[in-house]
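*Asks:* Pasting in a structure now, in structure tokens, and then I'll have a few things to ask.
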Amino acid sequence: MKAFRFFAVRFRNSHILWIAALCLLPCLLGLVGVMQYRATTQLSDATEARIGGNVESLMMGWQLDLYHHLSAICVALQVGPDSGAFDDWATFSDRYELWRRSAEKPQLVQGLYIWETSQKAGPKLFRLETSSKPPQPVAPDTGFATLLLRLQARSSSLHTGLRAWQPMDSTDPSRTADARHLTAESDSFTGWQFDQYIPAIVHPIVHHPLPLEPDHPQSRDAVDWMIIVLDLNSIKSQLLPELTRRHFETAEKADYTVVVAALGDPNRTLYQSARSSSANNSEKSDAAMNIFGPPPRATEDNFWEAVKNANAVKAQNWHQFSGPIWFPVFQYSAREDPWMLFLTHRTGRLEDVVAEVRRVNLFTSGIVLLLLAASVSLVAMAALRARSFARLQMDFVASISHELRTPLTAIYSAGENLSDGVVERKPQLKQYGAIITTQARQLMDLVDQILTFASTRNGERRYDLQYLNVSGIVELALRNSRAVVQAGGFSVEKEIEAELPPVKGDLSAIASCLQNLLVNAVKYSGESRKIRITAKRSQIHRTQEIRIGVEDFGTGIDSGDLNQIFKPFYRSARAKSAQIHGTGLGLAVAKEIAEAMGGTLSVNSELGMGSTFTLHLPIHGG
């Protein structure tokens with residue numbers, strides 16, 4: 001008993017721990033869900049960063065290659081802020097001719113001009129050809145007349161010339177700050193400045209003596225200008241397609257659609273790859289890069305404002321950013337019109353790809369979490385069922401101990417009386433022999449019940465199937481349970497339908513099943529001392545069967561216990577409180593036998609009115 005109490009206390013304490021663990025389970029699953037969501041978000045962000053870094057690297061490589069082609073002639077002419085102080089125009093013609101002979105794409109330059117603005121007599125425009133042809137004065141072309149006027153107005157000194165790109169009326173404090181920033185960079189890029197409208201690259205030149213007319217007076221502080229006019233058609237038809245193939249195509253397959261547009265009023269499309277639509281749809285692009293400088297400001301309320309807003313476009317935002325500032329771009333008005341590179345992946349927007357990856361990751365992590373929750377729930381349910389089964393087994397141990405102790409005590413007392421000579425007369429000996437026999441049979445029935453349960457659960461029991469007469473089955477069951485029925489003072493009513501067809505099964509097994517039902521009826525009949533056993537033919541859904549019912553008129557079964565009574569070791573709370581002897585195995589064994597015979601076992605009960613257990617057996621022709 002001490003050991004039993006010890007295990008009962010251990011069981012109760014562990015039961016409390018399990019309840020606490022089950023209460024914490026939703027919190028733990030929620031925590032895992034939050035961690036999975038954060039991990040998925042970080043993975044999606046990492047994927048976007050990787051894609052963005054790749055796109056930005058491709059665009060920066062494209063821009064660097066473009067600068068390489070445009071700056072090649074600048075390097076060849078060897079012009080610095082004051083490096084041409086003692087060079088005449090013929091020297092620049094020689095350098096220009098040498099560059100044309102070795103240049104990879106000489107057709108990119110439409111012409112090289114000198115804009116003399118240091119003469120007091122007035123400005124002159126010269127076109128440089130080859131060294132065999134001296135520079136020829138030409139009339140200013142209307143195509144870049146605006147540029148010439150700007151350069152003439154900014155030719156008073158080298159300091160002013162280096163800032164020729166800056167608007168004439170730069171009064172905006174933020175613009176002035178940007179001007180100081182870009183001026184410092186323009187000094188580092190030796191004064192080259194870009195006019196995106198012509199397009200042309202210009203540079204101030206300091207001359208102390210006058211190269212062509214040494215005796216002509218000039219301002220020693222003033223500068224002249226070199227103007228490299230680019231061929232826009234060659235840029236559109238040759239340079240930009242070549243750069244696109246080099247940087248945005250792999251294995252002769254375009255990975256991206258490309259648009260190069262000069263923003264303005266209206267916008268001009270300089271180049272578009274075969275699969276792209278137009279620059280007007282560039283707001284749907286994956287990434288946009290300002291090719292020649294920082295994101296300029298705008299006044300219109302549309303996509304270009306977002307592109308031009310310097311505060312909105314940051315270096316780490318790969319969707320909209322600016323390339324390195326190689327040439328400061330001329331600003332003729334408050335409106336700024338940069339050259340933009342727009343990139344869109346051929347399979348769709350990369351933003352949608354990232355969003356799809358995020359959705360897939362979230363869906364996958366959600367499935368994993370659901371599987372985890374289901375697994376944990378199944379484990380918890382299995383553990384609870386195992387604990388419930390363990391509790392039932394403990395109850396069974398307690399019940400079987402009581403069931404064993406009662407007949408053993410009676411046998412021990414009878415044997416002790418016999419050995420002590422208390423019983424001397426023959427009738428008393430017969431009475432004590434009956435007691436020992438009855439109690440021994442109860443022990444044998446109990447052992448047989450346990451062994452039957454074990455064999456049916458393990459599938460080890462073998463049945464001898466034969467065609468059986470229903471009346472014979474009922475008579476055998478009544479004969480085997482006669483001692484229990486008579487000891488309880490019960491009368492049994494039989495209602496067996498005549499000429500019932502045979503059933504196929506094991507005689508001892510089916511009789512044992514009915515015997516368990518009869519013993520169960522004796523235990524739960526209460527004050528009633530009547531049991532009815534019936535056998536009749538029945539048909540359900542064209543299936544013929546024999547129904548053998550055992551009916552008592554006792555306490556009945558609570559509706560909450562009806563779906564539990566066939567489980568092994570189960571005993572209702574009412575049975576325990578009424579101290580009705582039992583092991584909880586009788587009905588479980590009966591159900592196992594019924595199903596082994598191809599039949600079923602059902603129950604119909606009303607509380608306070610009694611219960612009817614019915615054995616359903618299929619009909620077989622004999």
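Laboratory data are not the source of any read-out in this text; all were calculated from the coordinates shown. Bear in mind the structure is a predicted one, so any value in this text is a computation, not a measurement. Note that we place each Cβ from the backbone using ideal geometry, even for glycine, and neighbour counts take in every protein chain shown.
*Asks:* Taking other Cβ within 10 Å of each residue's Cβ, how do T347, T534 sort, fewest first?
*Replies:* Details: T347 10, T534 17.
So the residues, fewest neighbours to most, are T347, T534.
*Asks:* For V376 and R346, calculate 0.36 nm times their separation in residues minus their Cα-Cα distance, and state this gained length in nm to one decimal.
*Replies:* Values: separation 30, 0.36 × 30 = 10.80 nm, distance 4.45 nm.
Extending this stretch completely gives an extra 6.3 nm.
*Asks:* Oh, and also: Using θ = phi - 60° and the Karplus relation 6.51 cos²θ - 1.76 cosθ + 1.60, list the HN-Hα couplings for region 150-158 in order, rounded to whole Hz, with x at every Gly or Pro.
*Replies:* Couplings: 5, 5, 4, 6, 10, 9, 5, 7, 5 Hz.
*Asks:* Please list 3J(HN,Hα) in residue order for region 256-265, calculated via the Karplus relation 6.51 cos²θ - 1.76 cosθ + 1.60 where θ = phi - 60°; whole Hz, with x for glycine and proline.
*Replies:* 9, 9, 10, 10, 10, 10, 9, 6, x, 10
*Asks:* Mean separation of Cα pairs under 8 Å and 6+ residues apart, divided by the residue count of region 466-618: what relative contact order is that in percent? Kindly include the intermediate steps, with their values, before the conclusion.
*Replies:* Working: 279 pairs, mean separation 37.7, N = 153.
Once divided by the residue count of region 466-618, the mean separation gives 25 percent.
*Asks:* Next question. First measure r as the distance between the Cβ atoms of T437 and D464, then evaluate 1/(1 + (r/R0)^6) with R0 = 25 Å and state the FRET efficiency to the nearest 0.05. Display every interim value, and only then the final one.
*Replies:* Working: r = 28 Å, r/R0 = 1.13.
The pair T437/D464 has a calculated efficiency of 0.35.
*Asks:* Okay, moving on. Please identify which residues in region 324-353 have an amide N closer than 18 Å to a label point set 7 Å out from the Cα of R50, following the Cα→Cβ vector.
*Replies:* Only 350-353 pass the distance filter.
*Asks:* Have a look at region 31-136 and give its Rg and Dmax from the Cα atoms, expressed in angstrom.
*Replies:* Both quantities, over Cα of region 31-136: 25.5, 84 Å.
*Asks:* Right, here's the next one. Calculate, for N563 and R537, the FRET efficiency according to 1/(1 + (r/R0)^6) with r their C-beta to C-beta distance and R0 30 Å; round to the nearest 0.05. Intermediate results must be reported in sequence, preceding the final value.
*Replies:* Details: r = 28 Å, r/R0 = 0.94.
Once the sixth-power term is evaluated, E becomes 0.60.
*Asks:* Straight-line reach only, C-alpha to C-alpha below 28 angstrom: list the lysines that K591 could link to, leaving out same-chain residues fewer than 8 apart.
*Replies:* Within reach: K494, K504, K523, K530, K536, K567, K576.
*Asks:* If R₀ is 56 angstrom, what is the calculated FRET efficiency for the pair A39 and Q238, using the beta carbon separation as r and rounding to 0.05? Could you put the intermediate results ahead of the total?
*Replies:* Details: r = 49 Å, r/R0 = 0.87.
The computed FRET efficiency comes out at 0.70.
*Asks:* Could you give each residue of region 462-467 its phi-based ³J(HN,Hα) in whole Hz, using Karplus coefficients 6.51, -1.76, 1.60 with θ = phi - 60°, and x for Gly or Pro?
*Replies:* So the J values, rounded to whole Hz, are 10, 10, 9, 7, 9, 7.
*Asks:* Right, something else. Can you compute the modelled spin-label distance between L500 and D221, with each label point 7 Å from Cα toward Cβ, in nm?
*Replies:* 13.1
*Asks:* Follow-up. Taking other Cβ within 10 Å of each residue's Cβ, how do D561, D45 sort, fewest first?
*Replies:* Details: D561 16, D45 12.
Ascending number of Cβ neighbours within 10 Å: D45, D561.
*Asks:* Convex hull over the Cα atoms of region 466-618, averaged projected area in nm²?
*Replies:* For the Cα atoms of region 466-618, the hull's average projected area reads 8.7 nm².
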